[in-house]
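See structure below.
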Amino acid sequence: METAEAQKVIIEGLEKKKGKSKFYLKDFYAMLPDWKPREVNKLVNNMVQQEMLEYWSSGSTTLYGIKGAGKQGAAEEGEE
Amino acid sequence: MKHKTPLLDQLESGPWPSFVSDIKREAESRTKNAKGVDYQIPVDVCDDILGVLELTYVHKRTHWKHGGIVGVFGYGGGVIGRYCDQPEMFPGVAHFHTMRVNQPGGKYYSTEYLEKICDLWERRGSGITNMHGSTGDIILLGTHTPQLEEIFYELTHDIGQDLGGSGSNLRTPSDCLGKSRCEYACYDTQALCFDLTNEYQDYLHRPAFPYKFKFKFDGCPNCCVASIARADMSFIGTWKDDIRIDQKAVAAYVGGEIKPNAGAHSGRDWGAFDIQKEVIGLCPTGCMAWDGKKLTIDNPECTRCMHCINVMPRALKIGKETGISILVGAKAPILDGAQMGSLLIPFISAEPPYTEIKELIEKIWDYWMEEGKNRERLGELIKRKGFQKLLEATELEPVAQMVKEPRTNPYIFWKEDEVEGGFTRDIQEYRKYHLR
Ligand code: HEM
Ligand code: HEM
Ligand code: SF4
Ligand code: SF4
């Protein structure tokens, strides 16, 4: 699968998930079953660089979400 | 003080140095501003941290939210975002983000460097620091969002300093001062720490794993950075050959001419040094003997615990054939209980470019990235799947040193390729010896 196509799979996959805006790296493995974990990791980190996705972290664990979607900065989950 | 803090004040009455007193001192110094610092975040940030902590004690609930920003542009780590949920009452700490700064190897500083870091943090942050927390980093506590990029720019451009790891990243690798000062060092901890820090920059600055991952480097089993208790991969110096004994110096310890423990623990009169009681009798494997004239060590039985060397450093020295033992899976008790590291590699040489070590690291990462659950540390994965699965993933043969205790499970499960002829037997051959 081409990078652009894989990026589309990820964005569409995330948009489909209702009620949740932040995802673990592992959630993306399932969207790209033919890719190795490390390749998926490179792909999503790259999508953050390109500002398609953004990181969110508790401090000890890091999650990913669509840039600007869901819980931002100081909000709690479910708030705008 | 801006806020009344009777509950915090009470903490200051204890016998220990108090963080409350420290923060009060910084609050006063900021208010006075004798040096004319051009503060970039509210001057009363330290007052407000005390205020919000006091309120927490009154309400018995936290006034912090958890999580958010993770880095500056291009980085997915090094910044831990924290926001106060009473920003009107405590505007100084409306944001209170922590920055992790990658500490220099062996934690050597010049006063000039420390002054620069502290000046930067007074100007653009709270002024409160926490040197070498459980991670090893320099922790800069408390700044506001618009300052993050500015601080990063000054750190990298003016101080030659990078951020460290946080979140699901490789955490800032941390080492003991090793060969730079310590005669016990069995390998160059700073060289290996520096090499791996550079090799794995991408993993340090961007998340890659199910959870955090820590490397720590101890030059010898004294474990001054406690790698065995808190690193997912602990690199502990060791030796293969014999402990070197200087019999004359042993006699000098026995005769009281040299102080045991290099003079440490001398605050009380413990009486004359007793080699039998204090060294031979405390050797955990009972492999030492003293006949009144000569000290002998049955080296194959020695576990390299360092005790005898620590007590008589002028008489006993580590061996000459030195390298590293690698242990895996130590962790603090967040999800599951605390765990110490398990021995994976009894001995590996520690010569640059460390190719064998890097191959091992990457095999472990591949396994953990594939099989680890969200927020599962390597040690928990090993426990869940069994040590044998890790051996398969790292392509290592089991050896006796890996065995911690006798097996309690009597079953042995063979794989087909481990059994001669596989699992299908030749029934004709079988019937030659066994009737129907
Ligand atoms: C009664 C109050 C407090 C107690 C008992 C306490 C205790 C601790 C302890 C035991 C640790 C772990 C130390 C280590 O292993 O490195 C720690 C770490 C830490 N503390 Fe506190 N602390 C208190 C107040 C504060 C305050 C007021 C702040 C912020 C201004 C703070 C910020 C931190 C941070 C950021 C760390 C983590 C350091 C790292 O990442 O290694 N603590 N604290
Ligand atoms: C109800 C209050 C809080 C709880 C229950 C909590 C819990 C935790 C836990 C479980 C961790 C992970 C520790 C680990 O895996 O090593 C952590 C990490 C951390 N927390 Fe908190 N925390 C709280 C409040 C705060 C506050 C108020 C701050 C700072 C203003 C803070 C700063 C940090 C930092 C800097 C880390 C280290 C992140 C890292 O490992 O990279 N926490 N906290
Ligand atoms: S761990 Fe060993 S080598 Fe490193 S500083 Fe401590 S005693 Fe020295
Ligand atoms: S290092 Fe420890 S185990 Fe080895 S001889 Fe000395 S006391 Fe005994």
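Here is the link list: A:Lys22/B:Lys216; A:Lys22/B:Lys214; A:Lys20/B:Lys60; A:Lys42/B:Lys373; A:Lys42/B:Lys65; B:Lys240/B:Lys373. Which ones come out longer than 26 Å on Cα distance?
Distance filter (> 26 Å) returns A:Lys22/B:Lys216; A:Lys20/B:Lys60; A:Lys42/B:Lys65; B:Lys240/B:Lys373.
For the range B:177-281, the dipole from Cβ point charges (+1 on Lys and Arg, -1 on Asp and Glu) about the Cα centre works out to 320 debye, to the nearest 20.
The magnitude of the dipole of the range B:272-315, with charges of +1 and -1 set on the Cβ of Lys/Arg and Asp/Glu and taken from the Cα centre, is near 160 debye. P(r) for chain B, from all Cα pairs and a bin width of 20 Å, is 21, 43, 29, 6, 1, 0 %, short bins first.
At a threshold of 10 Å², the residues of the range B:344-367 that become less accessible to a 1.4 Å probe in the full protein assembly than in their chain on its own are B:Glu362, B:Asp366. Within the accessible area of the range B:1-44, the carbon and sulfur atoms contribute 55%, probe 1.4 Å, all protein chains present.
Could you work out how far helix B:355-371 tilts from the main Cα principal axis of chain B, as a 0 to 90 degree angle to the nearest 10? With rounding to tens, the tilt is 80 degrees.
In order along the range B:29-46, phi translates into HN-Hα couplings of 5, 5, 4, 5, 6, 4, 8, x, 5, 8, 4, 9, 10, x, 5, 9, 4, 6 Hz, rounded to whole numbers, per the Karplus curve 6.51 cos²θ - 1.76 cosθ + 1.60 with θ = phi - 60° and x for Gly and Pro. Remark on the range A:53-67: accessible area falls by at least 20 square angstrom from chain-alone to full-complex state for A:Tyr55, A:Trp56, A:Ser57, A:Ser58, A:Gly59, A:Ser60, A:Thr61, A:Thr62, probe 1.4 angstrom. For the range B:30-102, what log10 I(q)/I(0) values come out of the Debye formula at q = 0.16, 0.24, 0.25, 0.27 1/Å, with one point per alpha carbon and no solvent? At q = 0.16, 0.24, 0.25, 0.27 Å⁻¹ the computed log10 ratios are -0.68, -1.07, -1.10, -1.15.
Hey, for a label at B:Asp38 modelled as a point 7 Å past Cα toward Cβ, could you say which residues of the range B:73-115 have their backbone N under 20 Å away? So the set is B:115. Placing R0 at 30 angstrom, the Cβ-Cβ distance between A:Met52 and B:His157 gives a FRET efficiency of 0.55 after rounding to 0.05. Given springs between every Cα pair under 10 Å in a Gaussian network model of chain B, which of B:Arg61, B:Arg375, B:Arg384 has the largest fluctuation? Ranking B:Arg61, B:Arg375, B:Arg384 by mean-square fluctuation puts B:Arg61 first.
Between B:Asp188, B:Asp232, B:Asp366, the Gaussian network model of chain B with springs among Cα atoms under 10 angstrom shows the greatest mean-square fluctuation at B:Asp366. With a Förster radius of 60 Å applied to the beta-carbon distance between B:Ser13 and A:Glu2, the computed FRET efficiency rounds to 0.35. Our note on the geometry: Cα centres of the range B:64-137 and the range B:291-311, 46 Å apart. With all protein chains kept in place, the per residue accessible area of the protein assembly as shown amounts to 53 square angstrom at a probe of 1.4 angstrom. With a 1.4 Å probe and every protein chain kept in, tell me what percent of the accessible surface of the range A:3-77 is carbon plus sulfur. Taking all protein chains in place, the range A:3-77 shows 52 percent carbon and sulfur surface. Per residue of chain A, the DSSP helices (runs of n ≥ 4 H) give a summed -39500 (n - 2.57) that works out to -13000 deg cm²/dmol at 222 nm. For B:Lys294 and B:Val403, the FRET efficiency from 1/(1 + (r/R0)^6), where r spans their Cβ atoms and R0 equals 30 Å, is about 0.35. The long axis of helix B:111-124 is offset from the longest Cα principal axis of chain B by roughly 50 degrees.
Just so you know, the Cα atoms of the range B:244-317 work out to an Rg and Dmax of 11.6, 36 Å. Take every Cα pair under 8 Å whose residues are at least 6 apart in sequence, average their separation, divide by the length of the range B:244-317, and the relative contact order is 43 percent.
As a check on your grasp of the helix formula, calculate [θ] at 222 nm for chain B: sum -39500 (n - 2.57) over DSSP H runs of n ≥ 4, divide by the residue count, round to the nearest 500.
It comes out at -9000 deg cm²/dmol, rounded to the nearest 500.
Contact residues in the range B:41-68 (at least 20 Å² less accessible area with all protein chains than alone, 1.4 Å probe): B:Lys65, B:His66, B:Gly67, B:Gly68. Backbone N atoms of the range B:33-54 closer than 18 Å to the 7 Å Cα→Cβ label point of B:Phe73 are not found in any residue.
Paramagnetic label reach from B:Cys118 (point 7 Å along Cα→Cβ; backbone nitrogen cut-off under 13 Å): within the range B:127-161, residues B:127-131.
Once the dipole of the range B:277-436 is set up with Lys and Arg at +1 and Asp and Glu at -1 on Cβ about the Cα centre, which of B:Gly422, B:Pro398, B:Thr408 lies farthest towards its positive end? The listed residue farthest towards the positive side: B:Thr408. Taking both sides together, the accessible area buried where A meets B is about 2400 Å² for a 1.4 Å probe.
For the range A:3-77, the Cβ-based charge dipole about the Cα centre amounts to some 140 debye (Lys, Arg positive; Asp, Glu negative; other atoms uncharged).
The values are calculated or read from the model by the stated rules, or taken from the named source; none is laboratory data. Nothing here was measured: the structure is a model prediction, and the numbers come from that model. Cβ atoms come from the backbone with ideal geometry, glycine included; neighbour counts cover every protein chain shown. Keep in mind that these areas ignore ligands, DNA and RNA; they rest on the heavy atoms of the full protein, side chains included. Shrake-Rupley method; radii C 1.70, N 1.55, O 1.52, S 1.80 Å.
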